[in-house]
Amino acid sequence: MKKILLLIFLFSSLTFFAQGEANHWFFGQNSGIDFNGGTATPISGSLDTYEGCASFSNSSGELLFYTDGITVWDKNHQKMTNGQNLLGNPSSTQSAIIVPHPGNNSQYYIFTVGANDYDFEGNLIKATEGLHSYKVDMTARGGLGDVVEGPIILSGNNSANWTEKITSVKGSDCNSFWVISLVDNTYVSFKIDAFGLQTTPVYSTVTYNSEDPRGYLKVAPNGKKIASATYGAGQLYLYSFNDTTGKVSNDGVSLITNPRIHGYSYGVEFSPNSSKLYVTTFDGDSVNNLYQFDVNDANIPDTRYLISSQVGYRGALQLAPNGKIYSTVPSSYEIGTRYLNAINVPNETKEECNFELKALDLGSGLSMQGLPPFIASLLIPVEITDGVSVQNLNNTVAKRCIGENYQFTAQAIEGNPTYKWTLNNLVISTSATLNLPNLSTVNEGIYYFEAETIDDCGFKISYNGNVELEVYQPPTITKPTNILQCDDDNDGIYTFDFSTTTSEILNGQDATLFEVVYFTNQLDADNNSNAIVEPYTNSVAITTETLYARIHNIHNPICYETESFELHLFESPAPPNTITNLTTCDSNTTGTDTDGFEIFDLTAKETEILNGQLASDFTIEYFEEATLTLPISNKTAYKNTIQNIQPIYFQITSNLNSNCIISSSFNIEVLVLPVINDVFTFKQCDEDGTPDGFTNFNLNEANEYLTLNNPNLVVSYFLSFNNATANTNSITPTPFSNSTAATVYARIENQNGCFRIAQVDLLVSSTSFPSGYLKTSTTCDDDDTIDGLHFFNLSENDTEIISLFPTGQNLNVKYYKNLEDAQLEQNTIEKTTPYFSETPFSQILYVRVESEDNGACFGLGPYLELVVQPRPEFDLDVSAIYCLNLNPITVAVNNAKGNYTYIWMNNNGTEISNNAFATINKEGIYTVIATSSAGCKSFPASIKIEPSSVATISQNDITVVDDSENNSITIATTNLGIGDYEFALDSYTNLFQDEPYFENVSPGIHTVFVRDKNYCGITSIDVSVIGYPKFFTPNNDGFNDTWKVLGINETFYNASNIYIYDRYGKLITQIDPRGNGWNGLYNGQTLPSSDYWFSVELIGNDGTSKIRKGHFSLVRK
């Protein structure tokens, strides 16, 4: 009996949930959203936080209270009396979540998770408070509610390691909820049932350790999966969840594994049907990414799909009562955003989820990083569809068309549900499907849906939804006529203006109500996608193209009709911008050949006018006047009416579309004939070696006389008048022998191609040069190169040559390199510039004398010799040495190539010799020039005389280092003289050296020799190197029998004093520096072997003195 009573009590106290509990959101900086009424409406509240927050309403959607995890505000936005200093944190990812008491519909639990506090340098100031719970009783404070219990610590001894994650989901046993949080690698699940919060949790340990506390934790609405984002590590793990036991399985799947590429995971959310998982990441710099995963796929990580990438900071995702998922992307940690993005159809895959940037304007409020979490299972909205699309129409506006048959159908609900559809507070249907045939504006309004059923636990479950229906006027379409267009540039591409077609389609309908849009195919027209941008330019060359017009209601584009029409693009006439003149030469066919009138075939220009187009596609007409009024009838034999040049106008029309027409013009022109000398006698000299009256002519030499010196006329030659007229079988103008024909015919043509014929008679001249005549022009080879070649001024010879012929003939002299050139008057040597000879020393040129008046030849032959006299050549040394201490030297030329006279000059240009040699006693540069018997001078040759001298040396030039381990002699070269010197020691027969230094020199008197390398002589000087023996052996064997100081003689230190002492300082003897030395006796007595000491005062010849002291050994054997 007690069990029955208890069960009755439980059933009576349990509540059920519809969708209103999540209808109020408060988050960020005074931001909020009200989802009542089916739309998301921005509101404001008292909450101001960077991240975590929570709010809760009753099943009717009336606000109860909200919190940031620290302060609790009631529905009037006032702080609850005891609702302050809760242990959440404004920097905690999910600072709080609110869960109702299943056994008491007036009580609710607030769960808070804290956050670590750090200083500006990242040092931990205070660890997180961990997980706590509080109880709110809505019967307190006159129904405004108050916190009546808590804090109750739920994190035990692990508070300092607790994460900022918390989430909740309905349990499988109908009357319970699970609240799940995380510490390290352990998920902790607390159950709330009819008896309230059970403080003994269920622990689930997984492999991955969440070392960073930040990031969201969410459970799928169906209670089967749980997703955890670890921001610092960037990881995102998906686990299985058991909503019966509260256990999290250790089957984690890593979905974000490379945060450097994909970003660091933060916000997570499941789609309403739990099939899709969404996550936001932040790259640590400036980019926020949104990814989608397919939870039902066998390989979930491979389904990662980038939905959006934008500049911004990390932010949360949250499923809303309207079935959308909202996303916040603040600018930075402290700077928020006034917009929320939306995933409008989150159950769909990839781009079909319909992501919308800045979908909701929050007005004056700002969204930061956090959005309020809710019990996931509360957010499964009832689905209402219309059979037209798969979209859930709940809390939306359905826009349909007048006359349409339409219906609303609610989702299948388990059990034995009852249904009710109401409009304007009137019940209009009690079925799951509401049929609305033949829609009219009467059907407009908000349709409310209610369904009730009893679940497996025996509880009554209510489903509520609403759809607002708007009905719009559909348009009617008038089929447009096809567009016939001339292609202005004939590329098959044209920019079409549809304004006329649009007016035709509207046919009087209101353009502010209906819109006409164009498409390239029927599918796009039906889908209203890929509309043509007007004006329309076809992308592929066409002649005909079918387009589709769509007219629809601007306010509801699904009310539409379509119709097709065609674009026809016709080839337009395209004559050239400039048409060449139609020309003919003047003739006596009509009148005279100078009157400027002729007969023309105008159709000869048709190919040029058509410009590559088909003649069958166009018609061409010709006119005399620009007004194009009277066509020319005799177009194939038209005589010009204006002398010389006349414009002809034409019009070309398409045979396929007479609207494609264009007119232009060209000129007909009668061309003038050239003015010529029509009869000419051409005289040539008979200088080919055979005086037979026949010789070769260069007919081109007659051109200037035939053309009257007009350089613009072209002359060609023929053997007959008829050939010249027909311009066939022309002859080679050079060489041409008069033995072939004595008369030829010249065709003389102007630049227009018009010509006349001239007769040319060929005559051989009888005049010539005197027999044996040869003119010689001589010069020296005095240019820069000795090659026997030189420049000659040929015109200097003209006067003498012309004087050989009768006077009064107006003759001209020309020069050639050979007979053929002279005969044919080709390759004439120019006289305007000097001629450089081409054969060394002697060259014969051919001379041609002819009349300036008519080109007649008076004489021709090899009558000019160019002679180049050679330049003298010889050899001369480039330099020589003169010793200042020796006699003068003689220098001379050698290898002279002829008998020449000479002139020698010194530096000053003074002549010093007229022989082949010169005597020189002074340094300098001397120049010699040779002159040949022909008076040709050589190139100047120069010899450089360089001075040298024997050395001058004194003791002042000598530096001696003696009485040392390495005695040396150094010669200073500064004062030796101007020569190039080398040095030897003690013998000038020894090898000389360049270095003025000798080392390891033995003590004694030495001789230094200095020799001039230019053979100017040898100088010597004696040098003293002071030293003494370390021992002596007075045994009369001829070796080391005496001891003396070396390097002293009559010349060096001859007044020196030398004293010898025994080891006790007793004076033994004083020796003569110029004598033989000490023999080891003292007062005639032989002294024993021992060490003896000496003191030497060296007195130089200049009176200076220096003291040397030391010791030596007397050795007796």
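Here are a few things to note about the model shown:
- Think of the chain as having a plus end and a minus end, set by charges on the Cβ of Lys, Arg, Asp and Glu; of S106, Y988, F650, S106 sits farthest toward the positive end of this dipole.
- Cross-link partners of K831 among lysines (Cα-Cα below 23 Å; sequence separation of 8 or more within a chain): K775, K814, K817
- Amide H contacts under 5 Å for K420: E450, restricted to partners 5 or more places along the chain or on a different chain, H placed in the peptide plane at 1.01 Å from N.
- Span from the the range 732-746 Cα centroid across to the the range 307-382 one, whole angstrom: 104 Å
- Exposed-loop-free span, longest in the chain, where GluC sites (Glu not before Pro) count as exposed if DSSP calls them loop and at most 13 other C-beta atoms lie within 10 Å: 415-624
- Looking at the range 1013-1064, the chymotrypsin sites (Phe, Trp or Tyr not before Pro) that sit in a DSSP loop and have at most 13 other Cβ atoms within 10 Å of their own Cβ are Y1015, F1039, Y1064.
- Residues with amide H under 5 Å from that of Y882, placed H, sequence gap 5 or more: E946, S948
- Couplings 3J(HN,Hα) for the range 116-129, derived from phi with the Karplus relation 6.51 cos²θ - 1.76 cosθ + 1.60 (θ = phi - 60°), are 6, 9, 10, 7, 5, 9, x, 8, 5, 8, 8, 6, 4, 7 Hz, where x marks Gly and Pro.
- Ascending count of other beta-carbon atoms within 10 Å, so fewest first, for C754, C857, C53, C559: C754, C559, C857, C53
- Whole-number percent relative contact order across the chain, with pairs defined as alpha carbons under 8 Å at least 6 apart: 4 percent
- Evaluated at q = 0.13, 0.16, 0.18 Å⁻¹: base-10 log I(q)/I(0), Debye formula over Cα of the range 582-671: -0.46, -0.65, -0.79
- Against the main long axis of the alpha-carbon atoms of the chain, helix 2-13 sits at an angle near 60°.
- Ordering T476, T707 from the fewest to the most neighbouring beta carbons within 10 Å gives T476, T707.
- Matching label, P(r) over Cα pairs in 20 Å bins from 0, in percent computed from the structure shown, candidates [x] 10, 26, 32, 18, 9, 5, 1, 0; [y] 8, 17, 11, 9, 12, 21, 17, 4, 0; [z] 9, 34, 35, 17, 4, 0: [y]
- Lysines whose Cα lies under 25 Å from that of K1044, excluding same-chain neighbours fewer than 8 positions away: K1030, K1066, K1106, K1109, K1117
- Near F992: Cβ cut-off under 15 Å, other residues only, Lys/Arg at +1 and Asp/Glu at -1. The net charge is -4.
- Working from the Cα coordinates of the range 14-379, the gyration tensor eigenvalues give, after taking √(5λ), semi-axes of 27, 23, 21 Å in decreasing order.
- Value of relative contact order over the range 879-948, rounded to a whole percent, pairs C-alpha under 8 Å and six or more apart: 38 percent
- Charge context of R871, other residues only, Cβ under 14 angstrom, K/R +1, D/E -1: -4
- Amide H contacts of Q407: L436, each under 5 Å away and 5 or more positions distant or on a separate chain (H built 1.01 Å from N in the peptide plane; Pro and chain starts excluded).
- Calculated from backbone phi, Karplus (6.51, -1.76, 1.60) coupling profile of the range 778-783 in Hz, x at Gly/Pro: 10, 8, 7, 7, 9, 8
- Distances between every pair of Cα atoms in the range 679-765, grouped in 10 Å steps from 0 to the bin holding the largest one, split as 18, 51, 25, 6, 0 percent.
- The range 417-423 - phi-based ³J(HN,Hα) in whole Hz, Karplus 6.51/-1.76/1.60, Gly and Pro as x: x, 10, 10, 7, 10, 10, 9
- Within the straight-line cut-off of under 14 Å between alpha carbons, the aspartates and glutamates reachable from K479 are E504, E561, E563, E566, sequence neighbours fewer than 8 places apart in one chain being disregarded.
- Neighbourhood net charge (14 Å Cβ-Cβ; Lys/Arg +1, Asp/Glu -1) for I920: -2
- FRET E, pair T619, L484, Förster distance 22 Å, beta-carbon r, rounded to 0.05: 0.75
- Simple rule: put +1 on each Lys or Arg Cβ and -1 on each Asp or Glu Cβ in the chain, find the dipole, and look at S133, A229, P321; the Cα lying farthest toward the positive end is S133.
- Across the range 775-869, the convex hull enclosing all Cα atoms gives 90 Å³ per residue.
- Of the chymotrypsin sites (Phe, Trp or Tyr not before Pro) found in the range 262-358, those that fall in a DSSP loop while having at most 16 other beta-carbon atoms within 10 Å are Y333.
Computed from the coordinates by the stated procedures, all read-outs in this text should not be read as laboratory data. Computed from a predicted structure; not experimentally measured. Note that we place each Cβ from the backbone using ideal geometry, even for glycine, and neighbour counts take in every protein chain shown.
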